[in-house]
Amino acid sequence: MSVVAHPGWTGETEVRRLRTLYQLLATLTQAKNLEDVYEAAITSLLNATTAERAAILIFDEDGVVRFQAWRGLSAEYRQAMTGHTPWPKGTRDATPIVVPDVLLDESLMPYRQVLSREGIRALVFIPLTLETGVFGRLMLYYPEPHECSADECALAQAIATHVSMATDRKRAELACTQSEQRLQAIMDNSATVISVKDLQGRHVLVNHRYEELFQIKKADIIGRTDHDVFPPDVAERIRNSDQRVLDSGAPLAIEEDLAHEDGIHTYISVKFPLQGPDGRLTGVCGIATDITDRKKLETVSQHLAAIVESSDDAIISKDLSGNITSWNKGAERIFGYTADEVIGKPISMLAVADRVNEMPEILSQIKRGLRVDHYETLRRTKDGRTIQVALTVSPVRDASGQILGASKIARDVTDRKMAEQERASLLSREQEARRTAELLNRISSRLVAELELEKLVHVVTETAAALVGAEFGAFLHNAANEKGASGVPREAPPGLPMPRSTGDLETAVRGVVRFHDITQESRYRENPPSYETPMGRLPVRSYLGVSVVSRSGEILGELFFGHSIPGKFTEFHEAIITGIAAQAATAMDNARLFEQSQWAQAELRRSNEELKRANQDLETFAYSASHDLQEPLRTIAIAAQLLDQSCGKQLENEDTAFLKSILNASNRMTALIQDLLAYTKATKYAEGPPPSVDAGKVLTGVLEYLKGSIEETGATVTSAQLPAIHIHESRLAQLFQNLISNAIKYRRKEAPSVHVSANEQDGWCVFSVSDNGIGIDPQYAEQIFGLFQRLHGRDQYPGSGIGLAICQRIVEQYGGRIWLERSVRDGGSTFSFSIPTRAR
Amino acid sequence: MSRPKILVIDDSSADVELLRLALDRQREEYELEVLQDGAEALQFVREHRAGTRAPEPCVIVLDLHLPMHDGMEVLKAVRLEPALTHIQVVVLSSFLNEEKKTAVERAGAVYRIKPVTLPELLDLAAEILALCKQALTV
């Protein structure tokens, strides 16, 4: 841009001045931040004045003036001049200062060296001012002495005014954004749900928790009402409470239940009106707090109180001076006093005369934070009895850990003997259970190892009988598998007391029956037990039975045990056989699975062999069938030819046609048989692993073979570089031959053009044969590979419809695939087949 | 010169008849002996070995697909019999089988596909007679 050398109040400078200011304004309105404003100021200054360099400096919070943007100033210069100002921050009525020659200016004496090193000879200071006074300045620099014209100065001042205003605006904007961000951050970090709505009920602000709670994005709700996002009834409820707040102008607190994934949550929601600076209502703010946990806690403490209240033990609390603060029903029962009678009274009222010192001792322990456990002592009741109690006293602390008092649990252990007995019985029961578990463990390994069902049943019956001390043991298979009972006569009649019929039997444990003496059972007394139980012919009195139920719930059978003495079996024996039955069920499941898998494997082997044999039979059949078909055919063909030759001329026209059709039919039949035989051969696996063959050489051989038809049709067959692959040469030749001869056969009017290519990828070599022939309707893409599948009339395109079937057989033998890659009606087709690059 | 004797070993009488027809068309003297299966053919070889049979044929036309013992077995027996080693054998097959062809040619015999057209059949008959003549002149 050319610079006007001598600015004056000419039309040209006026235009330039206006243009500069207009551009500046346009830039400033688009400024995103303060840096953009500063940059615009510099650009504008350099455009509007003759100065070569310019800068903008702004006071920081400490009153130090710093460079914010500049053109053409070195770092040393900026560093040296930082903090230098003709006016302190906030000076009012500051005016521009023009220094036409720095060498003549006294105030710049100390900076003379810096200025000369920077090549600055003249400069202008233009203050940037706001209501609060100077907040910075614009600088213009000149290399030679320079008298700034009035216009230049005025323009620079005009720029300064715009920049000042823009800076002010931008600062206010930033402050506003910051405070908004701060507000959002505070809201977002609050655990409460916050939303602000305007008078029309449109959301203005919501926080993270709100987004989480209602599973809605901030962007999707801002500017929209509750009616837009919630179901009508919910939205209506919210709107009503909002309206109440707006109408009354007073805060409102409500409890609301909301369904969450983990159940119903209770919220305490506070709504209050929002007012603008002028006191008018601007909207409503809602803050909701999840008080579900607090509610739960209330319930828990109510629950705990109920537990305390219902405890048989006396639960008493006292403060540190030993005064009773709480007293439960248990305490009432043990000591005889009601709560009203004792609360607030000293605990020592329960003491026995000769043990008065005990209580202060306990209290001093509690004060030290120690617990008193199972302390046995004597106490006095309301009616003057002395009872023996076991005490557990522990300190009660407040949230800060300070000891407030003690809680005491007292148990009346007067009937000590009884308690001891109870303990002993518990112990023996525990030992019994342990013994059962050990026994079960011991047999389980034996059971799991046994895979033969019959042996397994035997082991189970024997072991279980030994364990429960039975004289007789039996396993009865479920009627469905008809194997009969093991160890008892098979003719045991139905209608047995089956373990699964729990109805009105004495032992109401599901799956188990136990009779103290089966001969005394009312149900079986009327009929001799000998016909009613699997132990029928045995002198059984004690009787124990259990079902063996598989994982799937099927009843595999029942285990029975008997003894000639009544009452031999106990609950303990019930537990043992229940355990054994469970183990046995697992083992039997395994054994059955094993049997099934053995059978399935044998079946698979057999059907494989059958398939192989069937395939061989089929091959042999196809081979000899083609052989035998060929013989009469030869006779027909040659006989017809002989007939034609010897008396063709004497035949009527119609007869000649008959003869021709015999010849045609036999020719076609010959071709068909040839193809069928080729197909049979292709089905047969080639002998030995496939050698590596050069596909290119094979193709050359095939083309030589097809030379006749290629020349006849004027076909061109081209080929890309073909790799060496593992395949039997004759098979590859067959593939090429069939595909290429198809490509030539199914041609359009123009000469066929065939291209053979190969592409190796991921362990496969894919060969493609493309042509420009008649194409194939894609709906037949699968069908064409079927045996005897033809898409055209025989007269149109001869053939037996076996070629592609042969190709498919061949590639499948190598684990490959053949498919119609591309086909355009009248635009040719591409067949591809894949062969693994490594022999399989 | 005695009439050339041609031995045909083939179970297909139709094929034999066609061959006879084609030979007749050559307008040359010949004598045709026909054996119907592999067993008869092996019997023929045995009799030659024992010297109980004469004269020898000048050419044997052998179908590969024979009942009882197949053509390959018969060919092997003929080739192993010193009295017959010099006789030309033409092996006929319904279909081309490269492996068999190689084996037959290695045994010094001629391998031909059974003709399905009249010209082919006539060519074969001519070839057989030519081989016969060749054997007699040697």
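Quick check, is residue A:235 of a type in the set (Gly, Ala, Ser), surrounded by 12 or more Cβ atoms within 10 Å (Cβ to Cβ), touching a helix residue (DSSP H, G or I) at 6+ places or on another chain (Cβ under 7 Å) and over 29 Å from residue A:216 (Cα atoms)?
In short, no.
Where in the stretch A:1-118 are the strands (runs of 3 or more DSSP E), entirely inside, with at least 2 residues that are at pLDDT 90 or above and more than 19 Å from residue A:154 (Cα to Cα)?
A:53-59, A:65-71
Check whether at least one residue in the stretch A:170-188 is more than 25 Å from residue A:274 (Cα to Cα) and at pLDDT 85 or above, and report yes or no.
Yes, that holds for at least one residue.
Of all residues in the stretch B:76-93, count the ones that are under 15 Å from the mean Cα position of the chain (by Cα) and more than 13 Å from chain A (Cβ to nearest Cβ).
The total comes to 12.
Which residue out of A:406, A:399 is of a type in the set (A, V, I, L, M, F, W, C) and under 16 Å from residue A:347 (Cα atoms)?
From the options A:406, A:399, the qualifying one is A:406.
Can you give me the number of residues within the stretch A:518-550 that are modelled with pLDDT of 75 or more, under 12 Å from residue A:560 (Cβ atoms) and either part of a loop (DSSP other than H, G, I, E, B) or of a type in the set (A, V, I, L, M, F, W, C) (or both)?
5
Given the structure, is residue A:757 assigned to a strand (DSSP E or B), hydroxyl-bearing (Ser, Thr, Tyr), surrounded by 14 or more Cβ atoms within 10 Å (Cβ to Cβ) and modelled with pLDDT of 85 or more?
When the stated conditions are applied, residue A:757 passes them.
Can you find a residue in the stretch A:776-799 that is touching a strand residue (DSSP E or B) at 6+ places or on another chain (Cβ under 9 Å), farther than 20 Å from residue A:679 by Cβ and buried (at least 16 other Cβ atoms within 10 Å of the Cβ)?
Among the residues of the stretch A:776-799, at least one is touching a strand residue (DSSP E or B) at 6+ places or on another chain (Cβ under 9 Å), farther than 20 Å from residue A:679 by Cβ and buried (at least 16 other Cβ atoms within 10 Å of the Cβ), which makes the answer yes.
Quick check: anything in the stretch A:651-659 within 14 Å of another protein chain (Cβ to nearest Cβ) and either more than 30 Å from residue A:452 (Cβ to Cβ) or surrounded by 13 or more Cβ atoms within 10 Å (Cβ to Cβ) (or both)?
yes
Please verify whether the stretch B:9-26 includes one or more residues that are away from chain A (no Cβ under 14 Å), touching a strand residue (DSSP E or B) at 6+ places or on another chain (Cβ under 8 Å) and under 29 Å from residue B:117 (Cα atoms).
Yes, the stretch B:9-26 has at least one match.
Here's a check for you: in the stretch A:189-203, which residue that is surrounded by fewer than 11 Cβ atoms within 10 Å (Cβ to Cβ) and touching a strand residue (DSSP E or B) at 6+ places or on another chain (Cβ under 9 Å) is modelled with the lowest pLDDT?
Across the stretch A:189-203, the extreme among qualifying residues is A:191.
Conditions first: (1) in contact with a strand residue (DSSP E or B) (Cβ under 6 Å, 6 or more places away or on another chain); (2) surrounded by fewer than 14 Cβ atoms within 10 Å (Cβ to Cβ); (3) within 14 Å of another protein chain (Cβ to nearest Cβ); (4) of a type outside the set (Val, Ile, Thr). Residue B:67 passes all but one, so which condition is the exception?
Failing condition for residue B:67: (1).
State all residues of the stretch A:786-838 that are among the aliphatic types (A, V, I, L, M) and within 18 Å of residue A:682 (Cα to Cα); if no residue qualifies, say none.
A:787, A:802, A:804, A:805, A:806, A:810, A:811, A:818, A:835
Among the residues of the stretch A:611-637, count how many are loosely packed, with under 12 Cβ neighbours inside 10 Å and within 60 Å of the chain's Cα centre (by Cα).
Counting residues in the stretch A:611-637 that are loosely packed, with under 12 Cβ neighbours inside 10 Å and within 60 Å of the chain's Cα centre (by Cα) gives 8.
Go through the residues of the stretch B:98-111 one by one and say whether even a single one is modelled with pLDDT under 90 and assigned to a loop (DSSP other than H, G, I, E, B).
yes
Could you please find all residues in the stretch A:130-158 being out of contact with any Phe, Trp or Tyr (no Cβ under 6 Å at 6 or more places or on another chain), of a type in the set (D, E, K, R) and either buried (at least 23 other Cβ atoms within 10 Å of the Cβ) or outside any loop (DSSP other than H, G, I, E, B) (or both)?
Result: A:151, A:152.
Quick one: residue A:721 ticks every box in (1) modelled with pLDDT of 90 or more; (2) within 28 Å of residue A:796 (Cβ to Cβ); (3) loosely packed, with under 13 Cβ neighbours inside 10 Å except a single one, so which number is it?
In the conditions (1) modelled with pLDDT of 90 or more; (2) within 28 Å of residue A:796 (Cβ to Cβ); (3) loosely packed, with under 13 Cβ neighbours inside 10 Å, residue A:721 misses (2) alone.
Any residue in the stretch A:623-643 that is farther than 30 Å from residue A:426 by Cα, away from every other protein chain (no Cβ under 14 Å) and at pLDDT 80 or above?
no
Starting from residues that are of a type in the set (Val, Ile, Thr) and over 19 Å from residue A:755 (Cβ atoms), keep the ones in the stretch A:777-834 and report whichever is nearest to the chain's Cα centre (by Cα).
Restricting to residues being of a type in the set (Val, Ile, Thr) and over 19 Å from residue A:755 (Cβ atoms), the top hit is A:811.
Please go through the stretch A:204-219 and give me each residue that is surrounded by fewer than 14 Cβ atoms within 10 Å (Cβ to Cβ) and either within 20 Å of residue A:268 (Cβ to Cβ) or not aliphatic (A, V, I, L, M) (or both), ordered by number.
Answer for the stretch A:204-219, where residues must be surrounded by fewer than 14 Cβ atoms within 10 Å (Cβ to Cβ) and either within 20 Å of residue A:268 (Cβ to Cβ) or not aliphatic (A, V, I, L, M) (or both): A:212, A:215, A:217.
Select, from B:32, B:96, the only residue that is surrounded by fewer than 20 Cβ atoms within 10 Å (Cβ to Cβ) and either within 14 Å of chain A (Cβ to nearest Cβ) or touching a Ser or Thr at 6+ places or on another chain (Cβ under 6 Å) (or both).
Result of the check over B:32, B:96: B:96.
Which of the numbered conditions does residue A:608 fail, given that it passes all the others? Conditions: (1) within 29 Å of residue A:834 (Cβ to Cβ); (2) within 14 Å of chain B (Cβ to nearest Cβ); (3) loosely packed, with under 13 Cβ neighbours inside 10 Å; (4) among the polar types (S, T, N, Q).
With respect to (1) within 29 Å of residue A:834 (Cβ to Cβ); (2) within 14 Å of chain B (Cβ to nearest Cβ); (3) loosely packed, with under 13 Cβ neighbours inside 10 Å; (4) among the polar types (S, T, N, Q), residue A:608 is out only on (2).
What residue, among those in the stretch B:103-137 that are away from chain A (no Cβ under 13 Å) and without any contact (Cβ under 8 Å) to a residue 12 or more places away in the chain, is surrounded by the most Cβ atoms within 10 Å (Cβ to Cβ)?
In this case the residue turns out to be B:130.
State all residues of the stretch A:161-173 that are crowded, with 16+ Cβ neighbours inside 10 Å and either part of a loop (DSSP other than H, G, I, E, B) or in contact with a helix residue (DSSP H, G or I) (Cβ under 8 Å, 6 or more places away or on another chain) (or both); if no residue qualifies, say none.
Passing the criteria: A:162, A:163, A:166, A:167, A:170.
Take residues that are free of Cβ contacts under 8 Å to residues at least 24 places away in the same chain and away from every other protein chain (no Cβ under 14 Å) and tell me which of the helices (runs of 4 or more DSSP H) falling wholly in the stretch A:673-753 contain 2 or more.
Correct list: A:695-705, A:707-713.
For residue B:62, only one of the following conditions fails: (1) within 14 Å of chain A (Cβ to nearest Cβ); (2) more than 22 Å from residue A:667 (Cα to Cα); (3) of a type outside the set (Gly, Ala, Ser); (4) buried (at least 20 other Cβ atoms within 10 Å of the Cβ). What is its number?
Here residue B:62 clears every test but (1).
Any chance you could count how many residues in the stretch A:566-581 are in a helix (DSSP H, G or I), more than 14 Å from residue A:475 (Cα to Cα) and among the small types (Gly, Ala, Ser)?
Total satisfying the criteria: 2.
The values are calculated or read from the model by the stated rules, or taken from the named source; none is laboratory data. Predicted model, so just to flag it, every value in this text is computed and none were measured. Virtual Cβ from ideal backbone geometry, glycine too; neighbours counted across all protein chains shown.
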